[in-house]
Structure formats: C-alpha cells, structure tokens
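Asks: Okay, handing you the structure first.
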Amino acid sequence: MTEPPEHPDNPDHGERSRRALLSVLEDQQQAENALRASEARLNEAQRLAHVGSWSLDLTTSRLSGSAELYRIFEIAPQSVVASYEDFLHVIHPDDRAAVDAARRQSLATRAPYVIVHRLLFPGARVKHVEERGETVCASDGSPLYRLGTVQDISERVAKAAELEHLHGMLAALVEGSLDAIFVKDEDGRYLIGNRALADLVGQSPDAVVHADDFALFPREVAERFRADDRRIMASGQVESYEENVRVGGRSAPYLTTKGPLIIAGEVRGVFGITRDVSLLKDVPTDLTRARDELEERVRERTRQLAAANRELETFAYAVAHDLKAPLRGIAGYSHMLADDYRAQLDADGQQFLANIARGIEQMNDLIDDLLAYSRLERCALRCVTVALRPLVDEVLADLHGVIGQQGARIEIDLDQLAVCADPQGLTVVVRNLIDNAVKFSAAVPSPLIRISGQRCGHSTKLAIEDNGIGFDMRFHDRIFEMFQRLQRSEDYAGTGVGLALVRKAMQRMGGRVYAESTPGQGSVFRLEFPDGKAGAAEA
C-alpha cells in the first residue's frame, strides 16, 4: 500500500516545513557567525601586521577597505563612505605622481605593482607604507576593480635608517683606521679590506676585495696566513700573535688579532686586524736613551745649581760684611760723639744721635733677617717628628726678656701633639709669630698670648693668638710678602721680613699659614700640617 499524498492542511506537513525552515535559518546564522568570526580574525591579523586591504571599483571609483586601512590612513571609520580621492589626498605630495604612475602602469599592463611611499599628516608627521595592488578584469579583458594591500612600514624604515647610519659610522671607523682590517671567507678571499690593508700590499682597495693572500703577498707569507686561517676556523678561538711579514721588499714586525667569522652559528671565514709595531719596538730604546740624557742634564743642572748656591752664599755673607762694616763705623763714631760731646749738644742734637743709633739698629736687624731668609732658601730640609710643647718652651725661653718687659701673659694648650717638620724651620716660624704677637699686643692693658693646637681631620693645626691691635683682612695676603708693613716703623719696630720667612718655611715643609683678624680685636695665626705630616708625640 502507498501512503496518501500529504495535504497542505495536514498538521504533520506544516511541522516538517517549519523544522526545515528553522534548519535553513540556523545554518544561515552559523554561516554568518563564522563569517563574522573570520572577519574579526582577519581584522586582528591585519592590525598586528599593520596591513590594510582595499578594493577599488574602477567603474564608480568607490573604494572599500578594512579597518586597519582606515587606521593607517587615519581616515574616519569605514561607516563613512570614502572615495579614492580621500585616500589619494593623504599621500605625500612629493610621492603622489609616482604612486599614480605605478597604478596606471599596472592598469595598462594588467601586472601587479609594488611601491613604497609616504603619507603626510597634520604637523608634518609622516608614515612610510608599502602598497601592493593588481587589477581584476572581466572575461572580455575590460578592468572591473583593483585589489590591494597597504602595510605601515614606518618602524622598519626607521630601523633601516638607523642601521644605515650605524653602518656608515662603522665603515668610517674601519676605513679611517691606521691598522689593516679585513674579513676573509672560507677559501681565503677578502670580503672586506680597508685602505690601510690596500696601502700595506701596495694595491688599490678595489683590487684587494675578492683577491686572496696568494695574489697579495709572497707565497711563503700567503701559505703561513692560510694555515693560520684554517687553525682559527677549526678552533673557533680568537688569537693574537706577532710575526715578521715581508711586503714590497721590506720586512717588519706585525701584531695581528684574528678570530672566526661566525654567521648563523656556522664558521664562514675569519676576521682580523693587524698593526705595524716596528715603531713600538724602538720605543724602549728611545726611552732609555732619553732617560739617560735627561739624567745627565739633571746632574749637570744640579752641579750648576750647587755652584750657584755656593756663590750666592759667599756673595750674601760678603754683602752682609760689607754692609755691616760701615754700620759699625757709624755706630762707633756716634758713641764717641755722644760720650765726648754730649755736654755741648742741645736737645735736638742728642735726639739726632738717638735717631742715628735707632737707624743703625734697624739696618742691622734688616741685614740679619735677609741673611736668615737667604739661608732658609738654601739650607737642606730635614723633616723629623717634632714635639710642639718642648719647641714652644724653648722659643719662649729665648724671648723671656721681651715677654717680661711687655708684661704679656702666656697660655699654652698643646697636649702631646707632634708634627713632622724641619726643626730649624719650625723654630723660625714659631719665634717670629710669638714675637709679632707680643709686639702688636703691647699697647693693650693686659697682653695675652695663647698658643694651642689640635688634630683636625687628617691634619694638625697650631694657633698663636693675641689680643692686640689686629688688622684688616683685606690685607691678609699682603702681610706675608717681603718688606710689606701695615704700621709705621716709628710705632712698631720691624723689618717687614718676618712673616715672609714664616710663609717660606711653611711652604718648604709642605704646610701652610693663614691668619684671622679684626682691627682692635687681636689676631690669630694658624699653621696647618697636612695628612702624613702630623701625629702624636712619642712618649
């Protein structure tokens, strides 16, 4: 039996039609979902690769493109209809003609095209892109539309420019080197050779490249170089060695550093740098000869200085004797005049004789100070450990009469300090500073001289302080110069040499002297012995 035909009004027939329609709709929805997913993956892939795709309808000039294309050209989202001219407008004006010519040639020849050009944005901002395209034609050969891609290669162009700049610097460095620099392949042919290498072998730079050692050096030299290359390629180690090389009839020592040329993990040759060290070989001999000549000159100069010092010392004492002889005569006649004719002299005459005696005494002191300064310049320096307190006590004992006459009070705070100094020079320094302190504090009611010392960091400082007349700090440097005085000799006796002696002695001992003062409030002179020249006195 056969089933009766289905009738449209049959309920089973309606159900089956509905299910069939739902199945078709589900398949269509799945296809659309798959298409959207595929488009999403394509858009993401284009975004990651910075590649945008496009299609140009040649009949309507209507251009459609991917999301990445719009991002590259920085045009409004693709919901806004864009024309071919919108994209053409973004192309750099200097590149538009070339881009248009490439597209027209592709259209005429039906061949794909590739062109790199720039995009120009506000603010003179530029992108570099690589555009590819081809024309799709109808069966009769008429063009229908053009398909293509645009890739943002700005980062690649920037890196290429950076590499080109780096390559230029490296090339300049290699070419400008005075050392021969080279790269050779496995067969010993030169791939790179700078001008120094060309000059070494007497060839042009072009003749060196692609030549081998046998074409540039004598055979025995070339064979040795080739053996070195093989050894280094086999060991994979960098080596430095010196060898004599004969080139152009001249043999010279060369220092060579050579290593394996490794590309993609494989040894593909050797690289190296070599230098003519013949001049360096002569350096020790030249240095020895120069040292001997210098030492002889120093010895000769020392002999001359010693002779000059002896002559100067003789001259100084002779001058001192010749200067003091007339003084002694003047002093003798002055005493005779005072003794024999005092009764016949009025008050002015006696004052004149007193002035003469005072001038003689001052001149005699000046001669003695100049001799002391001269001896200080010439005497040998003998630095030993000197305890400060015994030296100060000895100086005070020598000046006891002057100190007592002025009624000065002395305070000492030195503990067990010691310095590394020349005893004679340090005695001169301390005597002059204490003498000055006593002299310039004589006019105050209660003269006080304070002598103290302390360790300060890596040095020892000795201070000699008074409560005398002081001085203006504007004249600080002047007071240490020869014959410089801030007070009249009629008010304060002196020759103007004492502080110059102090500074000279401290300089010779590696220390320094400086002062701090305020007019009418006294002065303090500080002696500083730097690190390595001070310490505690030995028990």
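The values are calculated or read from the model by the stated rules, or taken from the named source; none is laboratory data. Keep in mind that this is a model prediction, so the values were computed, not measured. Heads up, the Cβs are rebuilt from the backbone with ideal geometry, glycines too, and the neighbour counts pull from every protein chain shown. Note: accessible area is taken over every heavy atom of the protein model, side chains too, but ligands, DNA and RNA are not part of it. Shrake-Rupley method; radii C 1.70, N 1.55, O 1.52, S 1.80 Å.
Asks: Taking the residues in the stretch 283-296 that are of a type outside the set (A, V, I, L, M) and within 32 Å of the chain's Cα centre (by Cα) as candidates, determine which candidate is nearest to residue 227 (Cα to Cα).
Replies: Taking the stretch 283-296 first, the residues of a type outside the set (A, V, I, L, M) are 284-286, 288-289, 291-293, 295-296.
When the remaining residues are screened for being within 32 Å of the chain's Cα centre (by Cα), the result is 284, 286, 291.
Working: 284: 32, 286: 36, 291: 43 Å.
Among them, the one singled out is 284.
Asks: Being among the aliphatic types (A, V, I, L, M), at pLDDT 70 or above, outside any loop (DSSP other than H, G, I, E, B) and within 40 Å of the chain's Cα centre (by Cα) is the requirement here; does residue 513 meet it? Working first, answer last.
Replies: On the way: among the aliphatic types (A, V, I, L, M): yes; at pLDDT 70 or above: yes; outside any loop (DSSP other than H, G, I, E, B): yes; within 40 Å of the chain's Cα centre (by Cα): yes.
Considered against the rule, which asks whether it is among the aliphatic types (A, V, I, L, M), at pLDDT 70 or above, outside any loop (DSSP other than H, G, I, E, B) and within 40 Å of the chain's Cα centre (by Cα), residue 513 comes out as yes.
Asks: Given the criterion polar (S, T, N, Q) and at pLDDT below 80, identify the matching residue among 487, 454.
Replies: Details: 454 fails: at pLDDT below 80.
Sole residue among the options that is polar (S, T, N, Q) and at pLDDT below 80: 487.
Asks: Here's something else I'd like to know. From the list 397, 387, 408, 418, exactly one residue is modelled with pLDDT of 85 or more, among the hydrophobic types (A, V, I, L, M, F, W, C) and open to solvent by 60 Å² or more (accessible area, probe 1.4 Å). Which is it?
Replies: Of the residues listed, the single one that is modelled with pLDDT of 85 or more, among the hydrophobic types (A, V, I, L, M, F, W, C) and open to solvent by 60 Å² or more (accessible area, probe 1.4 Å) is 397.
Every residue, every condition in (1) among the small types (Gly, Ala, Ser); (2) closer than 26 Å to residue 439 by Cβ; (3) modelled with pLDDT under 65; (4) open to solvent by 70 Å² or more (accessible area, probe 1.4 Å), yes or no:
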residue: 345; (1), (2), (3), (4): no, no, no, no
residue: 354; (1), (2), (3), (4): yes, yes, no, no
residue: 369; (1), (2), (3), (4): no, yes, yes, no
residue: 378; (1), (2), (3), (4): no, no, yes, no
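Asks: Spot the failing condition for residue 438; the list is (1) touching a helix residue (DSSP H, G or I) at 6+ places or on another chain (Cβ under 6 Å); (2) closer than 13 Å to residue 527 by Cβ, and only one is missed.
Replies: (2)
Residue-wise test of (1) within 50 Å of the chain's Cα centre (by Cα); (2) in contact (Cβ under 8 Å) with a residue 24 or more places away in the chain.
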site	(1), (2)
382	yes, yes
397	no, no
406	no, yes
411	no, yes
414	yes, yes
420	yes, yes
429	yes, yes
432	yes, yes
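Asks: Sticking with this structure for a sec: With the requirement that a residue be in contact with a helix residue (DSSP H, G or I) (Cβ under 9 Å, 6 or more places away or on another chain) and open to solvent by 70 Å² or more (accessible area, probe 1.4 Å), what does the stretch 238-267 give you? Working first, answer last.
Replies: Let us first name the residues in the stretch 238-267 that are in contact with a helix residue (DSSP H, G or I) (Cβ under 9 Å, 6 or more places away or on another chain), namely 238-239, 241, 243, 245-248, 252-256, 258-261, 267.
Once the filter is applied, which keeps residues that are in contact with a helix residue (DSSP H, G or I) (Cβ under 9 Å, 6 or more places away or on another chain) and open to solvent by 70 Å² or more (accessible area, probe 1.4 Å), the stretch 238-267 yields 238, 246, 248, 255.
Asks: Another one. Hey, which of the helices (runs of 4 or more DSSP H) in the stretch 78-184, taking only ones fully inside, have at least 3 residues that are open to solvent by 90 Å² or more (accessible area, probe 1.4 Å) and either under 30 Å from residue 230 (Cα atoms) or not small (Gly, Ala, Ser) (or both)? Before the answer, list the steps.
Replies: Values: elements: 84-90, 93-109, 154-176.
Of the helices (runs of 4 or more DSSP H) lying wholly inside the stretch 78-184, those with at least 3 residues that are open to solvent by 90 Å² or more (accessible area, probe 1.4 Å) and either under 30 Å from residue 230 (Cα atoms) or not small (Gly, Ala, Ser) (or both) span 93-109, 154-176.
Asks: Could you grab me the full set of residues in the stretch 238-277 that are touching a residue at least 40 places away in the same chain (Cβ under 8 Å), within 13 Å of residue 225 (Cβ to Cβ) and out of contact with any Lys or Arg (no Cβ under 7 Å at 6 or more places or on another chain)?
Replies: 247, 274
Asks: State the number of residues belonging to the stretch 277-305 that are open to solvent by 60 Å² or more (accessible area, probe 1.4 Å) and in contact with a strand residue (DSSP E or B) (Cβ under 7 Å, 6 or more places away or on another chain).
Replies: Final tally of qualifying residues: 1.
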